[in-house]
Structure formats: structure tokens, C-alpha cells
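Here the structure is laid out as C-alpha cells; the discussion comes afterwards.
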Amino acid sequence: MTEHWWQAAVIYQIYPRSFQDTNADGIGDLAGIERRLDYLAGLGVDAIWISPIYPSPMADFGYDVADYCGIDPRFGTLADFDRLLGAAHARGLKVLLDLVPNHTSDRHPWFVESRASRDSPKRNWYLWRDPAPGGGPPNNWISDFAGPAWEWDEPTGQYYYHAFLREQPDLNWRNPAVRAAMYDVLRFWFDRGVDGFRIDVLWHMIKAADFPDNPPNPAYQPAMADMYRVIQQYSADQPEVHEIAAEMRAIADSYGTEGRGERVLIGEIYLPVERLMHYYGRERAGVHLPFNFQLIEAPWRARALAWLIAEYETALPAGGWPNWVLGNHDRPRIASRCGQAQARVAAMLLLTLRGTPTLYYGDELGLGDVEITATDVQDPRELREPGLGFGRDPVRTPMPWDDSPNAGFSAARPWLPLNPDWRSRNVAAMAADPQSILALHRRLLAVRRAHPALSVGDFVLLDAEVDVLAYERRRGVERLIVALNLGGRPQRLELPRWAGGYRPLLSTAADPARIADGAVALAADEGVILAAG
């Protein structure tokens with residue numbers, strides 16, 4: 001049995017600039033998301049997570065926030081948001097927002113005041129430091145977007161710290177006034193009815209108090225991103241960050257006791273598993289779901305995946321709930337990483353593992369990374385480190401809805417190019433094809449909802465051949481087997497003795513796997529869910 005709605009839920013991430021434009025400016029908006037709520041409800045997801053929609057100069061497309069309690073005019077108004085929220089709730093969909101608490105825009109009134117003088121009441125709201133004794137930046141910390149993480153401010157004669165762009169100064173979370181102000185932001189949106197937050201770069205939010213140099217990275221190679229020249233020992237993942245997570249959790253949990261619906265916090269944390277687990281907090285006093293990105297970074301091989309799944313399940317603390325992600329707005333799409341055939345298998349994996357999955361918009365269509373020419377580049381990271389493949393534009397391209405001009409996304413030229421196969425790879429075309437990957441996602445989500453064993457049941461890995469990943473899902477008397485062929489040749493899976501009488505419940509292939517002589521015969525690139533016959 002589960003206690004919380006988010007344990008059995010499927011979350012769908014929307015990159016709002018790229019979902020649906022309604023005012024013909026080439027950029028998606030809140031009214032566009034509202035227009036497509038019936039699609040999302042019909043797909044079968046339970047919650048939507050919307051990437052930043054706050055007022056912003058858009059130096060990093062919304063992750064440079066100028067007002068935490070407003071809506072950027074590009075996306076609409078607070079009234080538009082309230083209408084979207086109400087329409088989503090009317091369809092049984094939860095709504096999560098992106099909280100960006102590590103840094104603000106350099107145009108946020110807090111930073112404008114902080115920068116005004118050394119005596120400003122908000123000077124200590126940000127991380128200001130004198131130059132090093134010999135001149136230059138206070139230490140060797142490197143921005144995640146390349147180059148020094150310190151920006152010189154000539155009028156006040158100090159540097160300020162920015163873990164990302166210089167237009168994104170980091171807040172000083174050791175300052176109680178900063179915490180109080182940001183916690184008021186949480187309450188503002190919770191009071192409005194928001195069901196939770198994905199917390200951006202949670203592990204960055206506290207830095208070592210004395211700002212020592214980070215140690216050099218002995219494994220650094222020139223082809224790696226500039227940020228890897230040092231190990232972020234002192235600029236991220238500090239012990240004190242867990243106190244902040246606990247305070248945020250207390251606020252979120254307080255809304256679940258007042259008849260206003262339970263709220264959830266999801267933390268963006270790129271760390272090894274053993275360190276990731278600390279973000280659940282002691283006695284579940286951290287974020288509800290520290291994002292687990294292992295499937296994004298893992299080699300697509302059955303034995304490697306089986307190992308990391310087992311390692312993750314074993315590492316979970318008592319009461320910690322698992323979660324899984326195949327893609328997001330920062331990382332290459334699954335269809336580009338493993339191909340169209342395996343993207344179907346990956347969908348079955350994501351939606352049948354124990355825990356809460358997050359589905360990235362467009363992955364249900366098998367969208368791949370889109371080639372972006374130099375003249376079309378928008379991402380500031382690609383502009384700072386061109387040609388190294390770190391740009392995120394290829395995974396943020398517009399959602400193709402049909403084969404009308406601009407794929408039904410906008411009446412104007414979209415802000416980024418469409419996928420080149422948009423005339424056939426779009427929602428309308430794939431909804432009409434019962435064998436499409438979109439149809440597969442709809443069936444998977446329906447089966448998941450009909451069989452709680454697939455979401456909240458026990459999980460046990462099964463022995464399998466080298467290219468096959470197989471596991472049992474069990475809840476009460478219900479027992480299901482998921483068998484995934486990650487290879488390009490047919491495979492045979494010997495079924496456990498208790499599995500007699502099982503039948504294919506759902507296959508990724510048009511002709512489902514055959515069961516005979518105590519084994520299931522998997523076609524190349526096939527995944528199958530087996531149920532008691």
C-alpha cells in the first residue's frame with residue numbers, strides 16, 4: 001500500500017517555450033498548455049511539471065529569475081496561470097512548478113539593491129568577496145557554464161559568485177533573511193494551489209563558508225567541459241544543504257495537514273548514488289524525491305542496467321521512495337541515445353520500474369535530438385563552449401502536433417527548428433497509428449494504472465541472458481513479469497517455475513512474444529509484460 005499520490009503517479013515535464021504557442025510569437029505559453037490538457041489527460045499521466053515561467057530577462061531561458069511571484073509576459077499572466085491550474089485540477093492533473101532557489105537574475109530587485117553599495121541592506125543576500133591577496137578572483141571555482149565563477153564589480157570593488165552565468169548571481173543561503181524570503185515564495189505558490197516543486201540545482205545551494213580552492217581534477221581531459229577542471233568539493237553538496245531541504249520539506253508537508261492536498265518536492269541532484277541518498281534526509285525529512293538520473297547516463301546494456309537498478313534499490317533508505325528519469329531539458333533524448341526500436345523498450349522500462357517516473361515531453365513521440373545550425377543556436381551554454389556538444393537546444397525543440405504549417409505549434413516561425421520528420425512524427429499522425437510509439441505509451445500508462453503492481457509493487461530482478469533485462473513486480477496476489485530485450489537479435493527467457501500459465505499482457509512489438517516450454521521467446525528489440533493467464 002502507498003501513502004501518497006506521487007508514489008503511484010507519472011509526471012510529465014513540459015518545457016513551456018516549446019509546447020504550444022497561442023499568440024503567434026513563436027514561443028509556447030500557458031494558454032497553450034491549457035489547450036493541450038485533454039491530450040495530457042488522454043495520454044494517462046498524473047501530473048505536469050512546468051519549467052520556469054517567472055519574469056526573466058531569459059539569459060538562461062527562465063532559470064535567471066527576476067520575480068519569483070509573477071509570470072513572464074511571454075508566457076501570460078497570473079490569471080492565465082490560475083486558469084491553467086484550475087483546468088488541470090478539473091481533469092485530475094497535478095501541477096508542479098520549477099523553483100530556482102540557488103540564484104536569481106542579476107536584474108532581480110534583490111541583486112540590484114545588493115549591488116548598489118557595500119552598505120546595502122541586501123549586500124549579504126549574495127556572495128560577495130574581496131579579490132585574492134595577489135589580485136584576481138577570490139578562489140579557483142569554475143562556473144558550470146565555463147570560465148571563472150566570479151564576476152568583478154568595479155563600482156563596489158568586489159567579486160560576486162555565480163555557479164552558472166554571470167547574469168545568475170548565487171544567493172547566500174547562510175543568511176536567514178534569504179531563507180525567509182524564499183520560503184515565502186513556496187507559500188505563495190502553495191497557497192495558490194500548486195501541488196509541488198522541482199527544485200533546481202539543490203545540491204549547489206550552500207558553499208563552504210571559508211571559500212577554499214577546489215582541488216584539481218586529475219581525470220580532466222581537454223574534451224571535457226571546463227567545469228570539470230576542478231572537483232566541486234567546496235562549491236557544492238555541503239552538509240548544511242540538508243537543513244535547507246528539511247525546512248522546505250516541513251513547509252510542503254504542512255500543506256498536507258490543512259485539507260488543501262498533499263504537496264511534493266523533487267530535488268535536481270547530479271551526484272553518485274551514495275551521496276544522492278542523503279537528500280531524502282533523516283527520517284524522511286529531506287525532499288520527497290531526489291531525482292535519480294542514472295538511466296540518462298548509463299550504457300544501454302542489460303547487465304549494466306540490472307546492476308545500477310539493484311544498486312539504487314539497495315541504497316534507498318528506509319521509507320525512501322524510488323524515482324526514474326530517461327530524459328529532460330538538459331540531456332540528450334532517449335531516441336537519439338539508443339535508437340527508435342530501443343526507445344520503445346526504454347518506455348516500458350521507465351513505466352514498469354518501482355517508483356515514480358518522469359516522462360519528458362516529446363519522448364512519447366520518439367523525438368530525437370534535432371540538429372541546430374550555428375545561426376539557430378539559442379542556448380548560452382553552447383554559445384560559451386561551441387562545438388563541444390554541450391548545447392541543450394537539440395532537446396528543447398517545439399512539440400509537433402500535426403502536419404499543418406509549423407506542426408501546429410505556432411502560427412509564426414518557432415523559436416527553435418522543428419524535428420525534420422515532423423510531417424509524420426507528430427501527435428495527430430501517431431495517434432491514428434495503433435503501432436506508433438505514442439500508442440504504446442498510452443497502452444503502457446493504461447496498463448500501469450490498471451495494475452498497481454507495476455508502480456508500487458515489490459521489485460525483484462530475474463536471471464536472464466546477456467541482452468535481456470527481466471524482473472518481477474508483485475503486489476498482493478498479483479505477480480507480473482517484465483522482460484526487455486535490449487539487443488538486436490531474438491532472445492529466450494526461461495520463466496520461473498511459478499510463472500506457469502502466464503500470457504503477454506502488453507508487448508512493444510506488433511506480434512507479441514510467444515510462450516512455450518516454460519520460456520518466453522522475445523523478438524529483437526522487444527519488451528513484454530506477462531500476466532497470469
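Rule-based calculations on the coordinates, nothing more; no lab input. Fair warning: this is a prediction, and the values are worked out from it, not measured in the lab. As a convention, Cβ positions derive from the backbone with ideal geometry for all residues, glycine included, and neighbour counts pool all protein chains shown.
List of remarks:
- Amide H contacts of LEU462 (H built 1.01 Å from N, under 5 Å, at least 5 apart or other chain): ALA470, TYR471, GLU472
- About the centre of its Cα atoms, region 114-178 shows a dipole size close to 220 debye [charges on the beta carbon of Lys, Arg (+1) and Asp, Glu (-1) only; nearest 20 debye].
- At 1.306 mPa s and 10 °C, Stokes diffusion of region 4-107 via Kirkwood alpha-carbon radius, µm² per second: 113 µm²/s
- Multiplying the residue separation of GLN340 and ALA8 by 0.36 nm and subtracting their alpha-carbon distance yields 116.8 nm.
- Column: log10 I(q)/I(0), Debye, Cα scatterers of region 345-397, q = 0.21, 0.25 Å⁻¹: -0.79, -0.92
- The alpha carbon radius of gyration of region 458-532, expressed as a multiple of 2.2 N^0.38 Å, is 0.99.
- Placing unit charges on the Cβ atoms only, positive for Lys and Arg and negative for Asp and Glu, gives region 254-348 a dipole magnitude near 320 debye about its Cα centre.
- Summary of the geometry: region 183-258 and region 53-130, compared by the centres of their Cα atoms, lie 16 Å apart.
- Nearest-ten-degree value, helix 176-192 long axis tilted from longest Cα axis of the chain: 40 degrees
- Prolate/oblate/rounded label for region 109-161 (Cα gyration tensor, a/c 1.5): oblate
- Computed from the C-beta positions of THR257 and SER424, the FRET efficiency with R₀ = 60 Å rounds to 0.75.
- Degrees, to the nearest 10: 241-254 long Cα axis against longest axis of the chain: 70 degrees
- Cα long-axis angle, helix 78-90 against the chain (0 to 90 degrees, to the nearest 10): 20 degrees
- Each residue, ALA219 and THR375, gets one label point 7 Å from its Cα in the Cβ direction; the gap between the two is 4.1 nm.
- Distance between region 382-448 and region 303-375 - C-alpha centres, whole angstrom: 17 Å
- Annotation note: GluC sites (Glu not before Pro) in region 208-251 located in DSSP loop regions with a Cβ neighbour count of at most 16 within 10 Å are GLU240.
- Restriction of the GluC sites (Glu not before Pro) in region 360-459 to DSSP coil positions whose beta-carbon has at most 14 other beta-carbons within 10 angstrom yields GLU371.
- Relative contact order (percent, whole number), region 109-161, Cα cutoff 8 Å, 6+ residue spacing: 31 percent
- Calculated FRET value between ARG489 and GLN435, using beta carbons and R₀ = 22 Å, to 0.05: 0.55
- With R₀ set to 56 Å, the beta-carbon distance separating GLU297 from HIS89 gives a calculated FRET efficiency near 0.95.
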